[in-house]
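Trainee: Got a structure here, written out as structure tokens. Questions coming.
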Amino acid sequence: MDILVFSDSHNMLSEMEKATGKHNIDRIIFLGDCVEDAEYLKKIFPQKTIMIIKGNNDLWSEYPEKIITEIEGHKIYCSHGHKERVKIDISLLKQSAKHENCDVALFGHTHFQKAKKEDEILFLNPGSIGFSGNYAILSLEKNKLPNFSLF
């Protein structure tokens with residue numbers, strides 16, 4: 001399963017739309033900051049499953065601040081990252097992901113791409129699709145290590 005991971009679109013929709021149309025993906029995870037952009041994607045790509053997490057700029061949104069989901073046997077912790085203070089370091093994110101027995105932790109907020117494996121957890125930040133056009137594709141298969149590509 002290939003999952004397109006976006007964060008921090010900040011009302012700059014063209015790159016999200018272009019990336020969604022470019023790749024043959026099974027699902028989209030939006031990690032916050034302008035949830036209305038992900039809602040727009042739902043309208044123009046109704047066949048895609050889109051999970052939405054709110055970020056620090058989505059204060060009034062009713063979307064959750066984190067989602068823990070299981071896909072292809074992998075448990076994934078999804079958060080914007082501001083509550084875990086990821087601009088300082090990922091120690092709180094790591095603690096939360098470990099507590100939930102996750103092997104993947106997705107986060108945004110910093111606007112910079114990051115991919116790091118630590119304590120058997122893949123930490124993946126797609127960067128900012130809005131400001132730099134960055135995103136990630138997370139590839140998951142049962143009984144295989146998670147794989148990813150950064151764009």
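The values are calculated or read from the model by the stated rules, or taken from the named source; none is laboratory data. Note that the coordinates shown come from a computational prediction; the quantities given were computed from them, not determined experimentally. With ideal geometry, Cβ positions are generated from the backbone for all residues, glycine too; neighbour counts draw on all protein chains shown. Only protein heavy atoms, including side chains, enter the accessible area calculation; ligands, DNA and RNA are left aside. Shrake-Rupley method; radii C 1.70, N 1.55, O 1.52, S 1.80 Å.
Trainee: Using a Debye calculation, one point per C-alpha and no hydration shell, please list log10 I(q)/I(0) for the chain at q = 0.10, 0.11, 0.14 Å⁻¹ in order.
Mentor: -0.29, -0.35, -0.58
Trainee: Now a separate question. Decide, for segment 56-138, between rounded, prolate and oblate: order the square roots of the alpha carbon gyration tensor eigenvalues as a ≥ b ≥ c, take rounded if a/c falls under 1.5, and otherwise choose prolate if a/b is larger than b/c, else oblate.
Mentor: rounded
Trainee: What does the net charge come to around TRP60 if you take all other residues with beta carbon closer than 12 Å to its beta carbon, with K and R at +1 and D and E at -1?
Mentor: So the surrounding residues net to -2.
Trainee: Related question: Protein chains only, probe 1.4 Å: how do PHE112, PHE107, PHE151 rank by accessible area, largest first?
Mentor: PHE112, PHE151, PHE107
Trainee: Still on this structure: Carbon and sulfur together cover what percent of the accessible area of the chain at a 1.4 Å probe radius?
Mentor: For the chain, the apolar C and S fraction of the accessible surface comes to 47 percent.
Trainee: Work out which GluC sites (Glu not before Pro) in the chain are exposed loop sites (DSSP not H, G, I, E or B, at most 11 other Cβ within 10 Å) and give the longest gap free of them.
Mentor: 1-61
Trainee: Which value, in Å², gives the accessible area per residue of segment 38-151 when a 1.4 Å probe is used on the protein heavy atoms?
Mentor: Per-residue value: 54 Å².
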